[in-house]
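In what follows, a structure is listed as structure tokens, so that the remarks can point back to it.
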Ligand code: HEM
């Protein structure tokens, strides 16, 4: 993500000053990536509980809305994330799988953006 959109790195106070070449091995970066991945894992673990899922997505949106990230970095992340899956999974990422992941991310973002709207209304 930071390679494709270097300006987003500045949004992360703890990561802003780490050179791109050192990010992948930085413990701060790894700690942050773990937090995000645990959060994504709980979203996936709760796919069968739509109400809980909605609450979790909304909460992620509220937290990011308070930081004023806006929707654009999430939309950019969608492209980077799907490209990453294609790079890692190769032929297993069939055209149908790509479409399915796109729809999954759109559903996640609908919940996240709803939460973002709530916090931006607080201002
Ligand atoms: C689905 C995608 C994402 C998930 C699941 C996610 C999840 C998280 C979690 C769990 C945290 C730490 C807990 C918290 O403080 O809220 C966090 C922090 C943060 N996220 Fe995200 N995030 C996502 C996308 C993004 C995007 C696209 C941006 C914008 C560039 C962003 C910016 C931030 C910032 C600035 C922090 C605070 C970091 C710090 O304090 O060092 N996030 N995110």
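Quick notes
- Those helices (runs of 4 or more DSSP H) of the range 1-104 in which 1 or more residues are at pLDDT 95 or above occupy 50-66, 72-89.
- Residue check for residue 113: within 20 Å of residue 12 (Cβ to Cβ) and either modelled with pLDDT of 90 or more or more than 15 Å from the ligand (Cβ to nearest atom) (or both): no
- When 72, 96, 92, 54 are screened for being under 16 Å from the mean Cα position of the chain (by Cα) and more than 9 Å from the ligand (Cβ to nearest atom), only 54 passes.
- Residue check for residue 63: near the ligand (Cβ under 9 Å from one of its atoms) and surrounded by 14 or more Cβ atoms within 10 Å (Cβ to Cβ): yes
- Within the option set 42, 26, 48, 14, being over 17 Å from the mean Cα position of the chain (by Cα) and within 22 Å of residue 111 (Cα to Cα) holds for one residue only, 48.
The values are calculated or read from the model by the stated rules, or taken from the named source; none is laboratory data. Everything numeric here is computed off the predicted structure, so don't read it as measured data. We place every Cβ from the backbone using ideal geometry, glycine too, and count neighbours over all the protein chains shown.
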